[in-house]
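A.B. asks: Attaching a single structure in structure tokens format; questions to follow.
The values are calculated or read from the model by the stated rules, or taken from the named source; none is laboratory data. Just so you know, these numbers come straight off a predicted model, no measurement behind them. Every residue, glycine as well, gets a Cβ built from its backbone with ideal geometry; the counts of neighbours run over all protein chains shown. Heavy atoms of the whole protein, side chains included, go into the accessibility calculation; ligands, DNA and RNA do not. Shrake-Rupley method; radii C 1.70, N 1.55, O 1.52, S 1.80 Å.
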Amino acid sequence: MKLYNTLTQKKETFVPIEAGKVRMYSCGPTVYNYFHIGNARPFIVFDVLRRFLEYTGYEVTFIQNFTDVDDKIINRSHEEGISPQAVSEKYIREYFVDADALGIKRASLHPKVSEHIPEIIQMIKTLEEKGLAYNIGGNVYYRVDHFRDYGKLSKQSIEDLKSGARIDINDEKQSPLDFALWKKKKEGEPYWESPWGQGRPGWHIECSAMSRKHLGETIDIHGGGQDLIFPHHENEIAQSEGSCGKPFANYWVHNGYININNEKMSKSKGNFFTVRDIAKTFDLEVVRMFLLMAHYRSPVNFSEPLLQQAQTALERLYTAKYQMLFLLEKAVAATASEDEIRWITALDKYKKSYIEAMEDDLNTADAISVIFELVRELNTFLDENSSKPAILAAQALFGELTTVLGLAVKEKETSLDADVEALIEQRQAARKAKDFKRSDEIRDQLLAMGIVLEDTREGVKWKKA
RNA sequence: GGUGCCAUAGCCAAGCGGUAAGGCAAAGGUCUGCAACACCUCUAUCCCCAGUUCGAUUCUGGGUGGCACCUCCA
């Protein structure tokens, strides 16, 4: 497949280091709060990338970390009067609640910073030995001037970065671009013993250390949001490549932002929505649909009306899925007709187009449009006279294509309360007697109970509103 | 100041050299007791101006408008 590589600013054909295997790392959340819709985008995007790579036959090792040592967690622990560890444990649990609802699969491993302190210390020691780090009274900084390739990811020269840098209050650094690898302990903060005294790791070193430990010195794909390009990923490169002299990641993949009214969502602007908040109004699968209907690199505007559009679109997928289920129950013909056999064979073109779209830099928008074309085909061709093999073939293809995107994966609820079933029967009786007033009353009554009725040629159907 | 990105119908959004996918909405129709679902029909001088080309939404140059990074943020 082709992937846009931030490093080269081009779409490139993906070639793994080891045939048939992919090692990828994606920056995970700092666990100090529920995550917001902006965080959700990379989680979903890299989940889909991982699923697609697996679908095409790769064995994927996918690492997504939890940052559980951080200023924001410490602040939060003071606010809530609980330990930093309790804060991070709580929000790791909450992460999985939201991630599950968004249809995000567990990574192969979710490593935590707090469990990788020895690896982090080791990496800093190596950097120090190589003259790429210096210790000032227990604070260790990266010496950016000594890393030749600094700026290669963000396309900035060290000079340009310096001229744009804000005046730093921290004057103990040799250069304003230098960044902390190890922070000296402050009162009331968690700390670990190290060769430089008690303290804790800086923000960037964790990803370098955990990636190396679990995936090796050079990995295939490193992902994250565009805002991580600088400084986070630039610094990761400096640390990883500076300490071992080998390329850190072959493909750097970055997703675009989520905007509110064309402005970046950010904590400082206060215009962000947590996924947990959205879950009050929408099934979070809608959020997944909404995000995947756009290409992962383009910026996306977020609003409730847009989510409603996505919801209606998603329902169309479910209608088709459940219709096939319905037809399969009714189907009597056990063998496909010649006509059907030809049709089943022709279905393959949808799969081809779909894969083509996904292989082109993970074009999920295009892939979804192929699914909608397939849905129209299914709705047109399949009916109560269709044979079981034809329906099964359609079902299998639909399921295959939607599952890679993690969409329309919910199974239909099959049981109804006895009183609901009784009402449906009463309404059928009323309809038969042409008592439409009564039958409409019952329909409204059921609607109020969250049950939508549809009278079809094949009989009455129901679904949850 | 340095570095990137974007501009396609009412809304969202693919396409990126051969006169425009898909979804939502609106309109008309088939089906239906009505409705819903589904299906059919309908909806675009691709921001502007030059240039390259037989041919440009797609490439180049110049505008205009918007966004982001260089500071914690996905």
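A.B. asks: Could you identify the single residue in A:Met265, A:Met293 that is at pLDDT below 90, near RNA strand B (Cβ under 8 Å from one of its atoms) and aliphatic (A, V, I, L, M)? Steps first, answer last, please.
C.D. replies: Details: A:Met293 fails: at pLDDT below 90.
That would be A:Met265, the only listed residue that is at pLDDT below 90, near RNA strand B (Cβ under 8 Å from one of its atoms) and aliphatic (A, V, I, L, M).
A.B. asks: Follow-up question, since we're still on this one. Would a scan of the stretch A:30-51 turn up a residue that is away from RNA strand B (no atom under 15 Å from the Cβ) and open to solvent by 20 Å² or more (accessible area, probe 1.4 Å)? Spell out the reasoning first.
C.D. replies: As a first pass, look at the stretch A:30-51 and keep what is away from RNA strand B (no atom under 15 Å from the Cβ): A:50-51.
Of the ones still in play, those that are also open to solvent by 20 Å² or more (accessible area, probe 1.4 Å) are A:51.
Checking the stretch A:30-51: at least one residue is away from RNA strand B (no atom under 15 Å from the Cβ) and open to solvent by 20 Å² or more (accessible area, probe 1.4 Å).
A.B. asks: So, one more: Would you check if there is a residue in the stretch A:68-79 being in contact (Cβ under 8 Å) with a residue 24 or more places away in the chain and away from RNA strand B (no atom under 16 Å from the Cβ)?
C.D. replies: Restricting attention to the stretch A:68-79, the residues satisfying the condition of being in contact (Cβ under 8 Å) with a residue 24 or more places away in the chain are A:68-70, A:72-76, A:78.
Then keep just the ones that are away from RNA strand B (no atom under 16 Å from the Cβ); that gives A:78.
Yes, the stretch A:68-79 contains at least one residue that is in contact (Cβ under 8 Å) with a residue 24 or more places away in the chain and away from RNA strand B (no atom under 16 Å from the Cβ).
A.B. asks: Which residue, of A:Thr13, A:Thr8, A:Thr56, is closer than 27 Å to A:Tyr150 by Cβ, open to solvent by 10 Å² or more (accessible area, probe 1.4 Å) and among the β-branched types (Val, Ile, Thr)? Show your work before the answer.
C.D. replies: Details: A:Thr13 fails: closer than 27 Å to A:Tyr150 by Cβ; A:Thr56 fails: closer than 27 Å to A:Tyr150 by Cβ.
Criteria check complete, one pass: A:Thr8.
A.B. asks: On to the next question. Please count how many residues of the stretch A:284-300 are touching a residue at least 40 places away in the same chain (Cβ under 8 Å) and farther than 14 Å from A:Ala99 by Cβ. If you could, list the steps in order and put the result at the bottom.
C.D. replies: As a first pass, look at the stretch A:284-300 and keep what is touching a residue at least 40 places away in the same chain (Cβ under 8 Å): A:284-285, A:287-289, A:291-300.
Those left that are additionally farther than 14 Å from A:Ala99 by Cβ: A:289, A:292-300.
Summing the residues that are touching a residue at least 40 places away in the same chain (Cβ under 8 Å) and farther than 14 Å from A:Ala99 by Cβ in the stretch A:284-300 gives 10.
A.B. asks: Which of the residues that make up the stretch A:407-432 are more than 30 Å from A:Val286 (Cβ to Cβ), in contact with a helix residue (DSSP H, G or I) (Cβ under 9 Å, 6 or more places away or on another chain) and not basic (Lys, Arg)?
C.D. replies: Selection gives A:Gln426, A:Gln428, A:Ala429, A:Ala430.
A.B. asks: Would it be correct to say that A:Glu236 is in the same structural domain as A:Pro42 (by TED's automatic domain parsing), in a helix (DSSP H, G or I) and either open to solvent by 30 Å² or more (accessible area, probe 1.4 Å) or without any contact (Cβ under 8 Å) to a residue 40 or more places away in the chain (or both)?
C.D. replies: Details: in the same structural domain as A:Pro42 (by TED's automatic domain parsing): yes; in a helix (DSSP H, G or I): yes; either open to solvent by 30 Å² or more (accessible area, probe 1.4 Å) or without any contact (Cβ under 8 Å) to a residue 40 or more places away in the chain (or both): yes.
For A:Glu236, the condition - in the same structural domain as A:Pro42 (by TED's automatic domain parsing), in a helix (DSSP H, G or I) and either open to solvent by 30 Å² or more (accessible area, probe 1.4 Å) or without any contact (Cβ under 8 Å) to a residue 40 or more places away in the chain (or both) - is met.
A.B. asks: Something else: Quick check: is even one residue across the stretch A:85-97 in contact (Cβ under 8 Å) with a residue 24 or more places away in the chain and not in a helix (DSSP H, G or I)?
C.D. replies: No, that holds for no residue.
A.B. asks: Just to verify a result, which residue in the stretch A:140-180, among those that are at pLDDT 85 or above and assigned to a helix (DSSP H, G or I), is nearest to A:His232 (Cα to Cα)?
C.D. replies: Restricting to residues being at pLDDT 85 or above and assigned to a helix (DSSP H, G or I), the top hit is A:Val144.
A.B. asks: Which condition number in (1) modelled with pLDDT of 95 or more; (2) open to solvent by 30 Å² or more (accessible area, probe 1.4 Å); (3) under 19 Å from the mean Cα position of the chain (by Cα) is the one that A:Tyr257 fails?
C.D. replies: Only one criterion is unmet by A:Tyr257, namely (1).
A.B. asks: Would you check if A:Tyr251 is over 30 Å from A:Ala19 (Cα atoms) and open to solvent by 10 Å² or more (accessible area, probe 1.4 Å)? Working first, answer last.
C.D. replies: On the way: over 30 Å from A:Ala19 (Cα atoms): no; open to solvent by 10 Å² or more (accessible area, probe 1.4 Å): yes.
No: the conditions fail for A:Tyr251.
A.B. asks: Being touching a residue at least 40 places away in the same chain (Cβ under 8 Å) and either open to solvent by 20 Å² or more (accessible area, probe 1.4 Å) or under 18 Å from A:Ile237 (Cβ atoms) (or both) is the filter here; which residues of the stretch A:16-27 pass it?
C.D. replies: Let us first name the residues in the stretch A:16-27 that are touching a residue at least 40 places away in the same chain (Cβ under 8 Å), namely A:16-17, A:21-27.
Hits for the stretch A:16-27 are A:Pro16, A:Ile17, A:Lys21, A:Arg23, A:Met24, A:Tyr25, A:Ser26, A:Cys27.
A.B. asks: For the stretch A:427-438: of the residues being more than 9 Å from RNA strand B (Cβ to nearest atom) and closer than 25 Å to A:Glu384 by Cβ, which is surrounded by the fewest Cβ atoms within 10 Å (Cβ to Cβ)?
C.D. replies: A:Lys432
A.B. asks: Quick check on my filter: what residues within the stretch A:439-465 are in contact with a helix residue (DSSP H, G or I) (Cβ under 8 Å, 6 or more places away or on another chain), more than 8 Å from RNA strand B (Cβ to nearest atom) and either free of Cβ contacts under 8 Å to residues at least 12 places away in the same chain or of a type in the set (Asp, Glu) (or both)?
C.D. replies: Across the stretch A:439-465, the qualifying residue is only A:Glu458.
A.B. asks: Also: Which of the residues belonging to the stretch A:348-387 are buried (at least 19 other Cβ atoms within 10 Å of the Cβ), of a type in the set (A, V, I, L, M, F, W, C) and more than 24 Å from A:Phe14 (Cβ to Cβ)?
C.D. replies: A:Leu374, A:Val375, A:Leu378, A:Leu382
A.B. asks: Mind checking which residues of the stretch A:397-420 are surrounded by 13 or more Cβ atoms within 10 Å (Cβ to Cβ) and either assigned to a helix (DSSP H, G or I) or within 16 Å of RNA strand B (Cβ to nearest atom) (or both)?
C.D. replies: If the condition is that a residue be surrounded by 13 or more Cβ atoms within 10 Å (Cβ to Cβ) and either assigned to a helix (DSSP H, G or I) or within 16 Å of RNA strand B (Cβ to nearest atom) (or both), then A:Leu397, A:Phe398, A:Gly399, A:Leu401, A:Thr402, A:Thr403, A:Val404, A:Leu405, A:Leu407, A:Ala408, A:Val420 are the ones that fit.
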